[in-house]
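Visitor: Shown below is the structure under consideration.
The values are calculated or read from the model by the stated rules, or taken from the named source; none is laboratory data. Note that this is a predicted model, so its numbers are computed, not measured. Don't worry about glycine lacking a Cβ; one is built from the backbone with ideal geometry, like all the others, and counts go over all protein chains shown. Areas reflect the complete protein model, heavy atoms only, side chains present, ligands, DNA and RNA absent. Shrake-Rupley method; radii C 1.70, N 1.55, O 1.52, S 1.80 Å.
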Amino acid sequence: MKIHLKIWRQKDSQSKGGFKEYTLDDVHQEMSFLEMLDTLNIKLVKKGEHPVEFDHDCREGICGQCGVMINGIAHGPLKNTTTCQLHMRSFKDGDTIYVEPFKAAAFPVVRDLKINRSSLDHIITSGGYVSVDTGQAPEANTIPITNEIAEAAFDSAACIGCGACVASCKNSSAALFTSAKITQLELLPQGKKETRKRVVAMVNQMEEEGFGHCTNTEACQVECPEDISVLNIARMNYEYNKSKILN
Amino acid sequence: MKNSLNTKIPEGPLSEKWNTYKKKAKLVSPNNRKKLEVIVVGTGLAGASAAASLAEMGYNVKSFCFQDSPRRAHSVAAQGGVNAAKNYKNDGDSVFRMFYDTLKGGDFRSREANTYRLAECSANLIDQATAQGVPFAREYSGYLRNRSFGGVQVSRTFYARGQTGQQLLLGSYQALMRQVNTGKVSLYARHEMLDLVLIDGKAKGIIARNLDTGNVERHGAHAVVLATGGFGKIYYLSTLAMGCNVSAIWRAHKKGAFMANPSWTQIHPTCLPQSGEYQSKLTLMSESLRNDGRIWVPKDKNETRKANDIPEEERDYYLERKYPAFGNLAPRDIASRSAKEQIDEGKGVGELKNAVYLDFSRALKEYGKDVIVERYGNLFSMYKKITDIDAYLEPMKISPAAHFSMGGLWVDYELMTTIPGLFAIGEANFSDHGANRLGANSLLQACVDGYFVLPYTLQNFLADEIKNPKTDINHPEFDKAEEAVKKQMEGFLATKGNKTAEEFHKVLGSELYDKCGLSRSKEGLEKAIENIRELRKEFKENLIVPGDASEVNSELEKAGRVADYMEIAELMCVDALQREESCGAHFRIEYQTEEGEAKRDDANFCYSSAWEWNKDPSTPILNKENLTFETVTPSVRSYK
């Protein structure tokens with residue numbers, strides 16, 4: 001099928017970007033969205049042009065490195081699907097597709113569709129862990145955790161750190177990302193004792209990185225490939241306020 | 001041919017070797033640790049766990065990865081689980097049994113002492129990961145749950161839904177970031193190692209390129225650890241991430257580190273088949289599907305009907321027919337090879353006739369859809385997402401794909417390569433899995449190397465480095481290495497041909513898959529070597545890389561990786577050609593039993609091949625590490 005593309009091109013973080021138009025005549029329905037971009041890039045390179053730079057690695061929906069806005073929606077039209085798992089059968093012959101990077105003040109563009117998401121790493125660095133050194137661990141079964149709690153912790157731990165929640169939020173808030181880690185560790189006895197310190201550090205870091213505030217539009221959960229629940233945010237707010245009072 | 005490798009295996013009985021080593025290993029006092037610097041390349045399970053553990057001890061660590069965050073490393077994609085000899089099930093498991101299963105699974109081609117240590121340290125890993133908050137599956141009582149996995153008779157696999165790798169990696173990533181917070185780890189994401197720097201014969205640093213700016217940087221240290229994973233991506237179509245590569249270990253090899261058993265690649269039987277020329281990746285489906293799915297092809301190779309229209313008597317359930325005892329649960333190498341045989345005979349299914357059916361109709365009838373949804377629901381929906389086919393209504397189509405590198409840099413018992421001060425851990429080394437890796441042992445090896453082995457063995461090395469000052473990155477060896485790296489990149493940019501690095505990679509990959517993949521022959525390998533040399537020549541003359549080296553340039557990154565693949569591809573074929581036996585994943589068609597099974601030759605090939613670089617990709621030198629089995633007697637691996 002024939003696909004028209006309008007792709008955001010930007011040489012580096014300092015340059016001004018803009019849309020550039022391309023047309024592909026030989027797109028197969030079974031192609032993944034990224035394989036469609038690969039096809040375009042081979043054509044560009046053969047003409048001596050710079051290919052469209054985009055982030056990707058595992059191409060099976062788990063590493064969290066891919067992610068672009070497709071027709072204004074993070075990761076495109078399918079629910080709970082990363083960009084690499086989206087296939088061209090979701091589009092029709094003759095369609096025009098707009099492709100842009102995830103946009104947020106805390107995600108500067110590196111080139112074209114590639115962005116810098118190290119701000120998310122910084123949030124984890126500020127406290128998203130259990131403070132245990134190698135060698136200190138007790139025998140695993142001395143920390144019993146009911147199946148229900150373990151499964152709930154997993155639901156929060158499933159976040160792949162792609163940043164779609166930030167890109168989908170009108171305030172560019174990282175509340176869903178941050179709260180998912182806070183909730184996972186708060187639910188588990190191993191992480192619980194550090195909650196007070198952790199939640200304050202991580203929320204402060206989130207603000208320092210330039211992410212906006214959460215105003216409960218819940219757009220983040222809608223576009224999240226892992227369907228991380230906004231209830232995590234409610235828990236983060238509760239824990240944050242509790243810590244502020246108790247500290 | 002030389003036999004001069006010092007494995008440094010400690011004396012004493014197998015079960016005491018690691019304790020003996022730890023008792024005698026040299027220590028570095030906490031005061032001195034802060035004077036020492038270590039470079040760790042790679043942030044997967046091996047790299048992140050090593051970097052975090054070393055920083056916790058007080059060493060200064062520089063951690064590098066080419067991804068945009070350490071959390072993206074490909075350990076993240078492992079699905080099934082991680083083995084540990086906890087014997088929580090009281091079903092007869094023990095360190096020795098786990099060791100024996102791993103050794104047998106590897107077809108008696110691994111080093112006894114290393115494999116034993118892997119099993120010995122396995123239980124510690126479950127404790128460590130649990131303490132970090134890894135949400136392993138639990139019984140309703142709250143205790144940890146186990147399941148069984150291929151090739152063993154006990155339940156020793158711990159898992160976190162179908163995302164065990166992701167959860168373990170997040171545990172070690174978080175441990176790493178905690179050390180970034182203390183200032184003991186400096187993180188260099190989006191940095192690719194392009195060369196190793198040796199001073200007076202010792203590994204003293206690396207040359208790395210900042211992929212965001214194009215800057216070529218020098219980094220010095222007292223020791224260098226490579227945790228850069230496997231290189232199955234050389235086949236182009238594989239289960240690996242797009243960025244996985246051989247460059248770090250290959251460039252270290254060219255500086256003097258021996259490369260062991262490079263041709264031993266595990267080809268995973270249950271992956272989604274290729275659907276067209278444009279395809280970039282073969283997604284792996286957990287092999288747990290083989291518990292209830294039945295594998296078959298049509299008996300008639302001219303079959304044109306849809307799967308559901310082919311009557312029972314015209315189907316060949318070839319694994320059940322050939323291996324009645326294990327049936328559809330035959331080990332990975334056997335299942336993959338049998339699929340290829342059927343496909344090669346023209347009985348493959350699907351548009352490109354490159355797949356076999358994995359059929360759940362009997363299980364659906366027997367247990368009902370609800371049970372199948374509960375067991376495999378996420379896999380069925382993943383299948384639907386990628387292929388748009390509902391596998392509850394018709395059989396899945398699967399095919400084998402390159403997956404895990406059993407080979408890698410040769411290391412001694414301390415995980416040190418033949419270059420003093422250069423260590424290799426995780427999939428980047430060769431030591432624990434022999435000629436075939438058992439399921440759920442890869443996450444384990446990466447973690448055990450990084451958390452529990454390297455912190456002892458590296459310290460033993462560093463104890464003698466205390467007197468040495470910080471490495472001077474203005475040393476002429478750094479000048480030389482940086483210049484060579486820049487010259488190579490300029491060469492790629494100046495070629496201005498008309499074939500992209502990826503196009504070369506695809507040709508190389510299909511050549512290797514065909515002739516140095518599931519089955520190999522003298523004739524095929526000799527032909528492959530010829531073709532690879534030809535292709536390497538064309539690569540030099542006809543590559544196109546746009547842009548320049550001082551910007552974000554993914555084509556330039558790929559060119560460097562493919563250039564290295566072009567060289568190691570030949571060594572893989574030479575390695576496979578030299579080994580005139582069949583063992584594990586290495587199947588030479590000339591060496592098989594009458595029933596078509598692998599025929600090992602313990603009298604002549606009971607060794608690991610450690611190849612030494614000798615100026616040119618076509619003239620490697622073979623060194624042998626003879627494998628001696630003090631505790632077990634190698635037996636014939638039978639799954640009939």
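Visitor: Sort out the exposed loop GluC sites (Glu not before Pro) in chain A (DSSP loop, at most 14 other Cβ within 10 Å) and tell me the longest stretch that has none. Could you put the intermediate results ahead of the total?
Guide: Numbers: sites that count: A:Glu49, A:Glu139, A:Glu218.
Between exposed loop sites, the widest span is A:50-138.
Visitor: Here is a further query. What are the ³J(HN,Hα) values, in whole Hz, obtained from phi via the Karplus relation 6.51 cos²θ - 1.76 cosθ + 1.60 with θ = phi - 60°, for each residue of the stretch B:580-592 in sequence order, with x given for Gly and Pro?
Guide: 8, 7, 10, 7, x, 6, 8, 10, 8, 4, 6, 10, 9
Visitor: Now for a separate question. Which of the lysines could a cross-linker span from B:Lys24 if the Cα-Cα distance has to be under 20 Å and same-chain partners fewer than 8 positions apart are dropped?
Guide: By straight Cα distance, B:Lys24 reaches B:Lys8.
Visitor: Given points 7 Å out from each Cα along the Cα-Cβ axis, report the B:Asp300 to B:Glu590 separation in nanometres with one decimal.
Guide: Simple spin-label model gives 4.0 nm for this pair.
Visitor: Nearest 20 debye, what's the magnitude of the dipole of chain A about its Cα centre given +1 on Lys and Arg Cβ and -1 on Asp and Glu Cβ?
Guide: Working: 27 positive and 32 negative charges, 146 e Å.
I would put it at about 700 debye.
Visitor: Per residue of A:115-122, what is the mean number of Cβ atoms on other protein chains within 10 angstrom of that residue's Cβ?
Guide: Values: counts 1, 5, 3, 5, 0, 3, 10, 3.
For peptide A:115-122, the averaged partner shielding equals 4.
Visitor: If contacts are Cα pairs under 8 angstrom and at least 6 residues apart, what is the relative contact order of the stretch B:476-603 in percent? Working shown, then result.
Guide: On the way: 144 pairs, mean separation 38.4, N = 128.
Computed value for the stretch B:476-603: 30 percent relative contact order.
Visitor: With a ≥ b ≥ c taken as the square roots of the eigenvalues of the C-alpha gyration tensor of the stretch A:146-201, please select rounded if a/c is under 1.5 and otherwise prolate if a/b is larger than b/c or oblate if it is not?
Guide: Numbers: a/c = 3.45, a/b = 1.55, b/c = 2.22.
Oblate is the answer for the stretch A:146-201, as a/c is 1.5 or above yet b/c matches or exceeds a/b.
Visitor: As a test of the formula, what do you get for chain B when each DSSP H run with n ≥ 4 contributes -39,500 (n - 2.57) and the sum is divided by the residue count, at 222 nm and rounded to the nearest 500 deg cm²/dmol?
Guide: Numbers: 18 runs with 226 residues, N = 640.
Computed ellipticity for chain B at 222 nm equals -11000 deg cm²/dmol.
Visitor: Something else about it: Of B:Asn87, B:Ala563, B:Tyr367, which is farthest on the positive side of the dipole of the protein assembly as shown, counting Cα position, with +1 on Lys and Arg Cβ, -1 on Asp and Glu Cβ, and the Cα centre as origin?
Guide: Ranked along the dipole, the leading option is B:Asn87.
Visitor: Treat each spin label as a single point 7 Å out from the Cα along the C-beta direction, and report the B:Glu139 to B:Asn498 distance in nm.
Guide: 6.8 nm
Visitor: A:Lys20: which aspartates and glutamates have alpha carbons under 15 Å from its alpha carbon, excluding same-chain residues fewer than 8 sequence positions away?
Guide: A:Glu49, A:Glu53, A:Glu100, A:Asp112
Visitor: Just by accessible area at a 1.4 angstrom probe, what is the order of A:Asp25, B:Asp432 from largest to smallest? Display every interim value, and only then the final one.
Guide: Working: A:Asp25 105, B:Asp432 5 Å².
Of A:Asp25, B:Asp432, the descending order of accessible area is A:Asp25, B:Asp432.
Visitor: For the stretch A:29-44, which residues drop by 40 square angstrom or more in accessible area between the chain on its own and all protein chains together (1.4 Å probe)?
Guide: A:Glu35, A:Ile42
Visitor: Here's something else I'd like to know. Which of rounded, prolate or oblate describes the stretch B:206-278 when judged by the alpha-carbon gyration tensor and an a/c cut-off of 1.5?
Guide: oblate
Visitor: Sort chain A into rounded, prolate or oblate with this rule: let a ≥ b ≥ c be the square roots of the eigenvalues of the Cα gyration tensor; rounded if a/c is under 1.5, and if a/c is not under 1.5, prolate when a/b is larger than b/c, oblate otherwise.
Guide: Values: a/c = 2.36, a/b = 1.99, b/c = 1.19.
Prolate.
Visitor: What is the magnitude of the charge dipole of the stretch A:32-123 about its Cα centre, with +1 placed on the Cβ of each Lys and Arg, -1 on the Cβ of each Asp and Glu, and no other charges, expressed in debye to the nearest 20? Each step should come with its number before you reach the end.
Guide: Values: 11 positive and 12 negative charges, 25 e Å.
Value, rounded to 20: 120 debye.
Visitor: Same structure, new question: Are there any GluC sites (Glu not before Pro) in the stretch B:263-321 that are in a DSSP loop and have at most 13 other Cβ atoms within 10 Å? List them by number.
Guide: B:Glu277
Visitor: Round to the nearest 10 and give me the degree value, 0 to 90, for the angle of helix B:45-57's Cα axis relative to the longest principal axis of chain B.
Guide: 40 degrees
Visitor: I would also like to ask the following. Just flag the trypsin sites (Lys or Arg not before Pro) in the stretch B:290-323 sitting in loop per DSSP whose Cβ has no more than 14 other Cβ atoms within 10 Å. Don't jump to the answer; show the numbers that get you there.
Guide: Details: sites: B:Arg290, B:Arg294, B:Lys299, B:Lys301, B:Arg305, B:Lys306, B:Arg315, B:Arg321, B:Lys322; in loops: B:Lys299, B:Lys301, B:Arg305, B:Lys306.
Those satisfying the criteria are B:Lys299, B:Lys301, B:Arg305, B:Lys306.
Visitor: Keeping all protein chains in position, work out how much accessible area B:Leu168 exposes to a 1.4 Å probe, and write it in Å² to the nearest 10.
Guide: Approximately 0 Å² for this residue.
Visitor: Here is a further query. Check which residues have an amide H placed less than 5 Å from B:Asp195's amide H, if you skip close sequence neighbours.
Guide: Correct list: B:Ile207.
Visitor: Sort B:Tyr392, B:Tyr236 by heavy-atom solvent-accessible area, probe 1.4 angstrom, most to least. Working shown, then result.
Guide: Details: B:Tyr392 50, B:Tyr236 10 Å².
Result, largest first: B:Tyr392, B:Tyr236.
Visitor: Right, something else. Do you know the Lys pair count in the stretch A:118-246 for C-alpha distances under 16 Å, with sequence separation 8 or more or different chains? Mind showing how you got there, number by number?
Guide: Details: A:Lys181/A:Lys192; A:Lys181/A:Lys193; A:Lys181/A:Lys197; A:Lys192/A:Lys242; A:Lys193/A:Lys242; A:Lys193/A:Lys244; A:Lys197/A:Lys242; A:Lys197/A:Lys244.
So the count of such lysine pairs works out to 8.
Visitor: Moving to a separate point now. Can you compute 3J(HN,Hα) from phi for each residue in the stretch B:411-417, using the Karplus curve 6.51 cos²θ - 1.76 cosθ + 1.60 with θ = phi - 60°, rounded to whole Hz and x for Gly and Pro?
Guide: So the Karplus estimates, Gly and Pro as x, are 10, 8, 4, 7, 6, 9, 7 Hz.
Visitor: Answer with one residue from A:Ile160, A:Thr178, A:Pro225: the one whose Cα lies farthest towards the positive end of the charge dipole of chain A, charges on Cβ with Lys, Arg +1 and Asp, Glu -1.
Guide: Farthest towards the positive end: A:Thr178.
Visitor: Enumerate the calculated ³J(HN,Hα) couplings along the stretch A:115-122 in order (Karplus 6.51 cos²θ - 1.76 cosθ + 1.60, θ = phi - 60°), each rounded to whole Hz, writing x wherever the residue is Gly or Pro.
Guide: 10, 9, 10, 5, 4, 5, 4, 5
Visitor: Further question on the same structure: Over the alpha carbons of the protein assembly as shown, what is the largest minus smallest coordinate on each principal axis, giving the biggest first in Å?
Guide: 74, 72, 65
Visitor: Under 16 Å Cα-Cα from A:Lys79, which lysines qualify once same-chain neighbours fewer than 8 residues away are excluded?
Guide: B:Lys384, B:Lys385
Visitor: Report, to the nearest 10°, how far helix B:112-132 tilts away from the longest principal axis of the Cα atoms in chain B, using its own Cα long axis and a range of 0 to 90°.
Guide: The answer is roughly 90 degrees.
Visitor: Here are some pairs, B:Lys496/B:Lys537; B:Lys184/B:Lys470; B:Lys397/B:Lys515; A:Lys114/B:Lys506; B:Lys499/B:Lys615; which of them have Cα atoms lying more than 19 Å apart in this structure? Spell out each step's value before the answer.
Guide: Numbers: B:Lys496/B:Lys537 14 Å; B:Lys184/B:Lys470 16 Å; B:Lys397/B:Lys515 24 Å; A:Lys114/B:Lys506 25 Å; B:Lys499/B:Lys615 27 Å.
From the list (B:Lys496/B:Lys537; B:Lys184/B:Lys470; B:Lys397/B:Lys515; A:Lys114/B:Lys506; B:Lys499/B:Lys615), the Cα-Cα distance tops 19 Å for B:Lys397/B:Lys515; A:Lys114/B:Lys506; B:Lys499/B:Lys615.
Visitor: Taking the full set of protein chains and a 1.4 angstrom probe, give the accessible area of A:Val130 in square angstrom, rounded to the nearest 10.
Guide: Surface open to solvent at A:Val130 totals about 10 Å².
Visitor: Averaged over its residues, how many other protein chain Cβ atoms are within 10 Å of peptide B:60-73's Cβ atoms? It would help to have the intermediate numbers written out before the result.
Guide: Working: counts 0, 0, 0, 0, 0, 0, 1, 6, 14, 10, 2, 8, 11, 3.
Across B:60-73, the average partner-chain Cβ count within 10 Å equals 4.
Visitor: Each label point is 7 Å from the Cα along the Cα-to-Cβ direction; what then is the distance between the points at B:Lys487 and A:Asn80, in nm?
Guide: 5.6 nm
Visitor: Mind checking the angle between helix B:369-387 and chain B's longest principal axis? C-alpha axes, 0 to 90 degrees, to the nearest 10.
Guide: 70 degrees
Visitor: Filter the GluC sites (Glu not before Pro) in the stretch B:10-78 to those in DSSP coil with at most 11 other Cβ atoms within 10 Å of their Cβ, and list the result.
Guide: The qualifying sites are B:Glu11.
Visitor: Given Cβ point charges of +1 (Lys, Arg) and -1 (Asp, Glu) and nothing else, what value in debye, to the nearest 20, does the dipole of the stretch B:476-603 about its Cα centre take? Show your work: numbers first, answer last.
Guide: Details: 20 positive and 31 negative charges, 61 e Å.
The calculated dipole for the stretch B:476-603 is roughly 300 debye.
Visitor: Estimate the FRET efficiency between B:Asn626 and B:Glu16 by the formula 1/(1 + (r/R0)^6), using the beta-carbon distance for r and 25 Å for R0, to the nearest 0.05.
Guide: Numbers: r = 22 Å, r/R0 = 0.88.
After rounding to 0.05, the efficiency reads 0.70.
Visitor: Given the Cα-Cα distance of B:Glu523 and B:Glu312 and 0.36 nm per residue of separation, how much length would full extension add, in nm? Mind dumping the intermediate values first?
Guide: Working: separation 211, 0.36 × 211 = 75.96 nm, distance 3.86 nm.
Answer, rounded to one decimal: 72.1 nm.
Visitor: Calculate, for the protein assembly as shown, the solvent-accessible area per residue in square angstrom, rolling a 1.4 angstrom probe over the heavy atoms of the protein chains. Please report the intermediate quantities before stating the final value.
Guide: On the way: 31750 Å² over 887 residues.
Ligands and nucleic acids excluded, the figure is 36 Å² per residue.
Visitor: Please count, across the stretch B:215-306, the pairs of lysine residues with Cα atoms under 26 Å apart that sit 8 or more places apart or on different chains.
Guide: Working: B:Lys233/B:Lys254; B:Lys233/B:Lys255; B:Lys233/B:Lys281; B:Lys281/B:Lys306.
Lysine pair count for the stretch B:215-306: 4.
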